[in-house]
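Here's the structure, in structure tokens; my notes come after.
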Amino acid sequence: MSILAIDAGTTGVTAVVVTADGRIRAKGYQEFSQHFPQPGWVEHSPEEIWQATLEATREVLGKVDRSELTAVGITNQRETVVLWDRETLGSPRRAIVWQDRRTADICDRLRAEGHEQRVAELTGLRLDPYFSGTKLTWLAEHEPHTWALVESGRYAVGTVDSYLVARMTRGTWHVTDVSNACRTLLFDLEGGDWSDELCDLFGVPRDALPDLVPNWGEVAPTDPAVFLGLSLPIAGIAGDQQSALFGQTCFEEGESKCTYGTGSFILTNTGDAVVRSDAGLLSTAAWRGPDGAMTYALEGAIFVTGAAVQWLRDGLQVVGSAAETAAIAATVDDTDGVVFVPALTGLGAPHWDPHARGLIIGITRGTTRAHLVRATLEAIAFEVRDVLETLPGLTTLRVDGGAAANDLLCQVQADQVGRAVERPEIVETTALGAAFLAGLGTGLWASTDDLRDTWALDRRFEPAGDREALDASYARWSDAVERSKGWAG
Ligand code: G3P
């Protein structure tokens with residue numbers, strides 16, 4: 001018996017098959033296009049996300065015996081908003097992605113009208129373009145013809161998980177879970193349901209939103225006619241960062257992980273309590289079981305980490321692949337004074353400035369590609385340190401995601417934060433978490449204790465290096481971050 005897990009991330013879709021021992025048997029992957037229609041705007045084609053899902057799944061199915069599959073788990077990039085026609089399942093426009101900054105002015109306006117405190121109280125979030133709410137307000141204000149069909153009930157509104165469930169079930173189901181819902185600015189975190197007050201504030205008809213289902217337990221069967229001949233129960237759904245927290249088996253209060261993906265996201269399980277931060281962290285839902293019990297988390301959301309490496313590859317074209325960055329960076333001892341603040345889509349935690357933009361400072365005639373590559377890896381470690389400075393109680397950090405495979409990054413990370421960094425054998429933790437949820441929901445695993453037993457350490461990186469020099473480089477970073485703020489007006 002094994003589980004098919006789909007991880008619909010920001011730059012591509014991964015499909016994995018996970019066996020009962022918690023190992024990844026096979027994997028498929030398909031990247032999709034990023035659209036940047038204006039500076040600061042980021043969009044995806046929903047149809048392309050669906051086609052990438054089919055392609056990645058087709059690839060993984062070619063490597064396993066499909067008769068062993070017993071359930072599907074879905075995890076996804078969060079906050080991104082998708083509209084689709086409930087009948088045809090076609091989308092009237094591209095999805096507006098979590099990284100998109102177009103609603104900075106709407107956030108400023110709502111803040112000026114005095115809504116920030118109440119929004120934070122209800123949602124655990126802040127007024128930032130990152131979250132779904134103002135993206136929907138923008139659509140209502142700028143695309144009234146499309147929005148009229150949302151209001152009439154013809155178009156459904158959802159996040160990527162709900163869109164995929166709709167596609168897999170031929171439009172029969174319109175659902176999401178609390179870990180996605182709580183990122184929309186429309187969800188009452190303590191109440192555990194959509195909020196009429198917030199729907200009114202952001203101008204979103206509640207009927208357009210998906211129904212809430214538990215994070216594990218059977219939701220709906222996939223329709224074989226549209227999903228590669230597969231008829232399997234969808235039995236686990238979670239936003240990718242909460243899924244990674246689950247995949248790292250951080251089930252107890254205080255257990256934490258950092259996932260290096262397009263961005264990096266540090267989550268600490270806070271148990272059944274909503275813990276509020278005054279240092280720029282978000283309060284968020286982790287998961288809700290079939291018995292209705294909520295688990296919460298504190299989150300430090302950093303927008304651009306792996307995406308900075310991707311920009312070196314695709315934008316600047318100074319590296320051929322992300323994998324070679326460790327070797328290139330290792331050819332120099334330091335960045336020779338170069339600091340790169342990758343605020344390419346503004347700054348998230350703990351700074352929260354949608355108007356910040358990327359900055360590279362300290363360049364001289366001696367600066368080489370290796371210095372820039374090293375500065376990029378160091379930036380990732382500095383960004384994570386910015387968040388960990390607000391979580392002084394944390395002693396060990398579990399890391400995962402693509403860049404966790406980079407030894408140099410893990411070591412620089414441990415040095416900068418002065419705490420041990422633990423890398424598990426499986427770093428595809430996001431997809432693993434979705435498989436765990438679906439397996440828990442269908443009885444492949446009886447309890448979270450069974451899942452905990454599958455976690456295995458690959459390598460522990462102990463902090464080293466000269467503390468004074470490390471702190472001095474961090475102070476230079478902090479100075480550069482200040483300079484990047486407010487740039488886009
Ligand atoms: O909040 C955005 C997050 O869900 C995206 O994650 O892994 O696609 O960078 P990732």
Flagged in the stretch 433-489 as closer than 20 Å to Ile360 by Cβ and not small (Gly, Ala, Ser), in numbering order, are Tyr474, Arg476, Trp477, Asp479, Val481, Glu482, Arg483, Lys485, Trp487
Scanning the stretch 398-443 residue by residue, those in contact with a Ser or Thr (Cβ under 7 Å, 6 or more places away or on another chain), surrounded by fewer than 22 Cβ atoms within 10 Å (Cβ to Cβ) and among the hydrophobic types (A, V, I, L, M, F, W, C) turn out to be Ala420
Residue pairs within 8 Å by beta carbon, gap of at least six or interchain, first lying in the stretch 291-302 and under 14 Å from Gly348 (Cβ atoms), second of a type in the set (Phe, Trp, Tyr) and surrounded by 18 or more Cβ atoms within 10 Å (Cβ to Cβ), listed first then second, are Glu299/Phe265; Gly300/Phe265; Ala301/Tyr130; Ala301/Phe265; Ile302/Phe265
Scanning the stretch 246-281 residue by residue, those of a type in the set (Ser, Thr, Tyr), within 16 Å of the ligand (Cβ to nearest atom) and closer than 19 Å to Phe187 by Cα turn out to be none
Across (1) within 24 Å of Gly439 (Cα to Cα); (2) within 16 Å of the ligand (Cβ to nearest atom); (3) part of a loop (DSSP other than H, G, I, E, B), Val16 clears everything bar (3)
Considering residues that are within 20 Å of Gly346 (Cα to Cα) and in a helix (DSSP H, G or I), the number found within the stretch 121-136 is 5
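Against the definition (within 16 Å of the ligand (Cβ to nearest atom) and either surrounded by 21 or more Cβ atoms within 10 Å (Cβ to Cβ) or within 14 Å of Ser45 (Cβ to Cβ) (or both)), how does Arg94 come out, yes or no? Steps first, answer last, please.
Numbers: within 16 Å of the ligand (Cβ to nearest atom): no; either surrounded by 21 or more Cβ atoms within 10 Å (Cβ to Cβ) or within 14 Å of Ser45 (Cβ to Cβ) (or both): yes.
It is false that Arg94 is within 16 Å of the ligand (Cβ to nearest atom) and either surrounded by 21 or more Cβ atoms within 10 Å (Cβ to Cβ) or within 14 Å of Ser45 (Cβ to Cβ) (or both).
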Exactly one of Ala26, Ala71 is in contact with a strand residue (DSSP E or B) (Cβ under 6 Å, 6 or more places away or on another chain) and crowded, with 24+ Cβ neighbours inside 10 Å, and that residue is Ala71
Inside the stretch 444-478, the number of residues satisfying the requirement of being among the charged types (D, E, K, R), part of a helix (DSSP H, G or I) and either crowded, with 21+ Cβ neighbours inside 10 Å or in contact (Cβ under 8 Å) with a residue 12 or more places away in the chain (or both) is 3
For the stretch 151-170, pairs from a residue that is without any contact (Cβ under 8 Å) to a residue 60 or more places away in the chain to a residue that is not hydroxyl-bearing (Ser, Thr, Tyr), with Cβ under 8 Å and 6 or more apart or across chains, are Glu151/Pro205; Glu151/Ala208
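Any residue at all in the stretch 107-116 that's closer than 29 Å to Gly441 by Cα, touching a residue at least 24 places away in the same chain (Cβ under 8 Å) and aliphatic (A, V, I, L, M)? Can you show your working first?
The first filter runs over the stretch 107-116 and keeps only residues closer than 29 Å to Gly441 by Cα, leaving none.
Within the stretch 107-116, not a single residue is closer than 29 Å to Gly441 by Cα, touching a residue at least 24 places away in the same chain (Cβ under 8 Å) and aliphatic (A, V, I, L, M).
Return a yes/no flag: does the stretch 121-140 have any residue that is farther than 28 Å from Ser264 by Cα and over 18 Å from the mean Cα position of the chain (by Cα). Steps first, please.
The initial filter retains those residues of the stretch 121-140 that are farther than 28 Å from Ser264 by Cα, namely 140.
Filter once more, so that each one left must be over 18 Å from the mean Cα position of the chain (by Cα): 140.
Within the stretch 121-140 (the criterion being farther than 28 Å from Ser264 by Cα and over 18 Å from the mean Cα position of the chain (by Cα)), the answer is yes, since at least one residue qualifies.
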Matching residues in the stretch 214-225 (more than 19 Å from the chain's Cα centre (by Cα), buried (at least 22 other Cβ atoms within 10 Å of the Cβ) and either in a loop (DSSP other than H, G, I, E, B) or among the polar types (S, T, N, Q) (or both)) number 1
Checking Ala156, Ala166 in turn, the sole residue that is part of a strand (DSSP E or B) and touching a Leu at 6+ places or on another chain (Cβ under 8 Å) turns out to be Ala156
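Being more than 14 Å from the ligand (Cβ to nearest atom) and either free of Cβ contacts under 8 Å to residues at least 60 places away in the same chain or surrounded by 24 or more Cβ atoms within 10 Å (Cβ to Cβ) (or both) is the filter here; which residues of the stretch 231-245 pass it? Working first, answer last.
To start, the set of residues in the stretch 231-245 that are more than 14 Å from the ligand (Cβ to nearest atom) comprises 231-236.
Once the filter is applied, which keeps residues that are more than 14 Å from the ligand (Cβ to nearest atom) and either free of Cβ contacts under 8 Å to residues at least 60 places away in the same chain or surrounded by 24 or more Cβ atoms within 10 Å (Cβ to Cβ) (or both), the stretch 231-245 yields Ser231, Ile234, Ala235, Gly236.
Could you please give the count of residues in the stretch 71-84 that are within 16 Å of the ligand (Cβ to nearest atom), of a type outside the set (S, T, N, Q) and within 30 Å of Ser152 (Cα to Cα)? Please lay out each step first, then the result.
Filtering the stretch 71-84 down to residues within 16 Å of the ligand (Cβ to nearest atom) leaves 73-82.
After this cut, where a residue has to be of a type outside the set (S, T, N, Q) as well, the list is 73-74, 78-79, 81-82.
Then keep just the ones that are within 30 Å of Ser152 (Cα to Cα); that gives 74, 78-79, 81-82.
The total comes to 5.
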Taking first residues from the stretch 261-273 that are free of Cβ contacts under 8 Å to residues at least 40 places away in the same chain and second residues anywhere that are among the β-branched types (Val, Ile, Thr) and within 8 Å of the ligand (Cβ to nearest atom), the pairs with Cβ under 6 Å that are 6 or more apart or on different chains are Phe265/Thr259
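So in the stretch 97-115, with the set limited to residues that are within 16 Å of the ligand (Cβ to nearest atom) and not β-branched (Val, Ile, Thr), which one is surrounded by the fewest Cβ atoms within 10 Å (Cβ to Cβ)? Talk me through it step by step, then tell me what you get.
We begin by selecting, within the stretch 97-115, every residue within 16 Å of the ligand (Cβ to nearest atom); these are 97-101, 103.
Filter once more, so that each one left must be not β-branched (Val, Ile, Thr): 98-101.
Working: Trp98: 26, Gln99: 26, Asp100: 26, Arg101: 24.
So, considering only residues that are within 16 Å of the ligand (Cβ to nearest atom) and not β-branched (Val, Ile, Thr), the one surrounded by the fewest Cβ atoms within 10 Å (Cβ to Cβ) is Arg101.
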Of the candidates Ala403, Ala434, the one satisfying the condition of being touching a helix residue (DSSP H, G or I) at 6+ places or on another chain (Cβ under 7 Å) and over 30 Å from Glu218 (Cα atoms) is Ala403
The lone condition Gly300 fails out of (1) under 14 Å from the mean Cα position of the chain (by Cα); (2) within 28 Å of Leu61 (Cβ to Cβ) is (2)
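Suppose we filter Glu87, Glu68 for residues that are away from the ligand (no atom under 16 Å from the Cβ) and over 22 Å from Thr430 (Cα atoms); which single one remains?
Details: Glu68 fails: over 22 Å from Thr430 (Cα atoms).
Result: Glu87 is the single residue among Glu87, Glu68 that is away from the ligand (no atom under 16 Å from the Cβ) and over 22 Å from Thr430 (Cα atoms).
A short reminder: the numbers here are calculations on the coordinates, not readings from a lab. What you see is a predicted model, and the numbers here were worked out from it, not measured in a lab. Using ideal geometry, Cβ is built from the backbone for each residue, glycine included, and neighbour counts are taken over all protein chains shown.
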